[in-house]
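The values are calculated or read from the model by the stated rules, or taken from the named source; none is laboratory data. Every value quoted in this text rests on a predicted model; they were computed, and no experiment measured them. Glycine gets a Cβ as well: all are built from the backbone with ideal geometry, and neighbour counts include every protein chain shown. For the accessible areas, the whole protein counts, side chains as well, though only heavy atoms, and no ligand, DNA or RNA atoms are used. Shrake-Rupley method; radii C 1.70, N 1.55, O 1.52, S 1.80 Å.
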Amino acid sequence: MEFIGSLCLILVATALGGHISARLNLPAVVGELLMGILLGPALLNWVQPNNFIHFFSEIGVIILMFIAGLESDLSLLKRYIRPSIVVAVLGMIFPIIIAYLTGLYFHFSNIESLFLGVTFAATSVSISVVVLQEMKHLNSQEGTTILGAAVVDDILAVLALSVLVSLSGNQVSEQGGPQNIGLSLLLQLGYLVLLFILGRWVIPQLMKLSEKLLVPSSEILISLVLCLGLAYSADLTGLNTVIGAFFAGLAIGQTDYKALIDRNVEPIGYAVFIPVFFISIGLKMTFTGIINDFWLFLILSIGGIVSKLLGAGIGAKVASFSWNSSWMIGAGMVSRGEMALIIAQLGLQSHLLSTDRYSAVIGAIIITTLAAPFLLRSTISKLRKSQDKLMG
């Protein structure tokens with residue numbers, strides 16, 4: 001029953017870390033991430049990354065993105081799809097170039113440098129979502145663009161990774177056999193079409209049927225089945241699980257059950273699973289590998305933050321946002337989080353990332369994830385001040 005003790009420690013630590021952060025007027029998520037570094041192999045070594053942590057954190061990020069989908073305004077998301085695409089594309093090009101050149105400078109091969117670029121092109125807005133929720137900015141035009149761009153970014157990153165691993169000759173499926181790149185891309189396209197059909201016609205009907213089930217909290221049960229089911233099916237096609245979870249939340253958010261589901265699912269996520277996800281990011285950091293490869297770690301950290309801020313920020317400006325709004329959108333896209341960690345892990349398995357360079361890359365991913373809430377909070381404050389001046 002050791003995992004019960006670990007879970008208890010994690011929940012206490014995230015509660016304390018989040019509380020201290022909030023008292024210091026910082027996003028609560030910063031304290032939770034730092035608690036992962038404190039409890040993990042980097043410092044106290046009280047909690048080690050294991051299967052239990054991995055499974056709980058996977059469910060945590062799925063529920064987090066399901067809640068983000070629930071709370072998103074679909075009409076706004078449709079309205080801002082064009083700027084979302086521009087932000088996602090420019091927000092990928094800049095980091096790919098910077099990380100690729102960094103890889104070449106540190107004597108990575110061409111294919112390894114390209115892989116490094118794809119790793120730092122990925123965005124994970126799960127951290128940004130928490131800050132946007134805290135600051136009541138999730139349903140703003142900027143928040144909506146960040147969410148839309150993150151979905152586009154995820155799809156593009158997965159496609160780029162599929163092509164890259166295929167080119168390297170090391171494409172390996174979970175069963176260890178070769179995968180056909182064309183079939184994989186076709187499956188992913190088919191899945192996205194299926195999401196549209198399910199969201200438009202099937203999911204609303206399933207939610208109506210859930211009322212008729214003679215079991216307690218039947219609507220909550222069916223909503224979680226849809227969330228986890230779509231996340232799992234996304235993973236089967238090679239897409240990130242958060243895409244399925246986000247669209248499940250988005251579809252249910254258009255029904256009359258939105259408030260009920262949101263009110264009941266949020267406590268499940270934030271009381272148990274989401275804290276484990278935040279802790280798991282910090283657990284992956286070790287100082288030994290970072291010290292051994294310090295300059296690579298430093299350049300990737302700075303380059304990772306600046307390239308995404310500039311790329312996504314300029315993308316937002318091209319899409320006709322003000323400079324203050326553009327910097328906020330850029331800041332919201334800085335976090336690499338679990339998406340980049342997953343890509344780095346796949347690279348390790350596919351021999352696109354060497355084990356001696358792994359810690360430096362992971363460390364840089366964590367730095368970008370820690371920096372994102374500070375940048376986002378600062379840019380939201382500046383945006384609000386400029387809006388207040390205009391109104392005043």
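Summary of values
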{"quantity": "Given LYS78/LYS382; LYS136/LYS389; LYS258/LYS385; LYS308/LYS389; LYS308/LYS385, the pairs whose alpha carbons are separated by over 21 Å", "calculated": "LYS78/LYS382; LYS258/LYS385; LYS308/LYS389; LYS308/LYS385"}
{"quantity": "Rounded FRET efficiency, nearest 0.05, which uses the C-beta distance separating VAL306 from LYS389 and R0 of 45 Å", "calculated": "0.95"}
{"quantity": "Answer label for Cα extents along the principal axes in Å (calculated), chosen among (i) 78, 58, 39; (ii) 124, 54, 35; (iii) 61, 59, 46", "calculated": "(iii)"}
{"quantity": "Accessible surface of the chain [probe 1.4 Å, protein heavy atoms]: carbon and sulfur percent", "calculated": "67 percent"}
{"quantity": "Gained length - SER322 relative to LEU26, 0.36 nm times residue gap less alpha-carbon distance", "calculated": "104.0 nm"}
{"quantity": "Label-point separation, THR288 to HIS19 (7 Å along Cα→Cβ), nm", "calculated": "3.5 nm"}
{"quantity": "THR14 accessible area, assembled protein chains, probe 1.4 Å, Å²", "calculated": "10 Å²"}
{"quantity": "Per residue solvent-accessible surface (Å²) - the chain, probe of 1.4 Å", "calculated": "44 Å²"}
{"quantity": "Computed FRET value (nearest 0.05) for LEU214 with SER381, which takes r as the C-beta separation and R₀ as 51 Å", "calculated": "0.55"}
{"quantity": "Sum of -39500 (n - 2.57) over DSSP H runs of 4+, divided by residues of the chain (222 nm, nearest 500)", "calculated": "-25500 deg cm²/dmol"}
{"quantity": "Exposure ranking of CYS227, CYS8 by accessible area [1.4 Å probe, largest first]", "calculated": "CYS8, CYS227"}
{"quantity": "Estimated inter-spin distance, THR355 and ILE268, nm [label 7 Å along Cα→Cβ]", "calculated": "3.9 nm"}
{"quantity": "Cut-off 17 Å, label 7 Å out along Cα→Cβ of ASN45, residues of the range 258-285 by amide N", "calculated": "283-285"}
{"quantity": "For the range 4-131: relative contact order, % (alpha-carbon pairs under 8 angstrom, 6 or more apart)", "calculated": "16 percent"}
{"quantity": "Length-normalised contact order of the chain in % [C-alpha pairs under 8 Å, at least 6 apart]", "calculated": "29 percent"}
{"quantity": "The range 273-384 - percent relative contact order, Cα under 8 Å, separation 6 or more", "calculated": "37 percent"}
{"quantity": "Protection-proxy order for peptides 88-98, 281-291, each taking the mean of Cβ atoms within 10 Å per residue, highest first", "calculated": "88-98, 281-291"}
{"quantity": "Sequence-distant aspartates and glutamates (8 or more away, or on other chains) whose Cα lies within less than 13 Å of LYS284", "calculated": "GLU338"}
{"quantity": "Reachable aspartates and glutamates, given that their alpha-carbon falls under 16 Å from the alpha-carbon of LYS317 and they are not under 8 places away in the same chain", "calculated": "GLU142"}
{"quantity": "Distance (nanometres) between label positions extended 7 Å along Cα→Cβ at PHE52 and TRP201", "calculated": "4.6 nm"}
